């Protein structure tokens, strides 16, 4: 099956809708799990993260998740919940992992621009 680069064009409306639904689920479920005393550590996996933004600067799933973490940062800190986000953007058959590098850069930039998130990494 040929490799198709889903990030070579801006997100179509259908992808933006999917991302908004994904974001709504994160907004509903983060506090549900954060408030549970038996969950001191929560892991979220995004195996097809992409670089974080599309070509027009529209947020992809990793940045949307980081935005939700920011939204609930006080609750996370109050409950001392460890929230671990696992992002993957591996491009098979490519030596240079350009999307992964962009993903790392975009996540680092978002975290560095939000000091409480940077403090949570400690």
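Observations
- Within the range 16-62, the residues that satisfy the criterion of being within 21 Å of residue 91 (Cβ to Cβ) and buried (at least 17 other Cβ atoms within 10 Å of the Cβ) are 19, 46, 49, 50, 51, 52, 53, 54, 59, 60, 61, 62.
- Residue within the range 13-28 that is more than 29 Å from residue 97 (Cβ to Cβ) and over 15 Å from the mean Cα position of the chain (by Cα) present: yes
- For the range 23-37, filtering for residues that are over 16 Å from residue 76 (Cβ atoms) and modelled with pLDDT under 95 leaves 0.
- Residue that is surrounded by the most Cβ atoms within 10 Å (Cβ to Cβ) [pool: residues in the range 63-79 that are touching a residue at least 40 places away in the same chain (Cβ under 8 Å) and more than 18 Å from the chain's Cα centre (by Cα)]: 79
- Across the range 80-88, not a single residue is classified as in contact (Cβ under 8 Å) with a residue 12 or more places away in the chain, out of contact with any strand residue (DSSP E or B) (no Cβ under 7 Å at 6 or more places or on another chain), part of a helix (DSSP H, G or I) and surrounded by fewer than 16 Cβ atoms within 10 Å (Cβ to Cβ).
- Residue match in the range 58-73 (condition: closer than 22 Å to residue 14 by Cα and assigned to a strand (DSSP E or B)): yes
The values are calculated or read from the model by the stated rules, or taken from the named source; none is laboratory data. These numbers come from a predicted model, not from an experiment. Please note: Cβ atoms are built from the backbone with ideal geometry, for glycine as well, and neighbour counts cover all protein chains shown.
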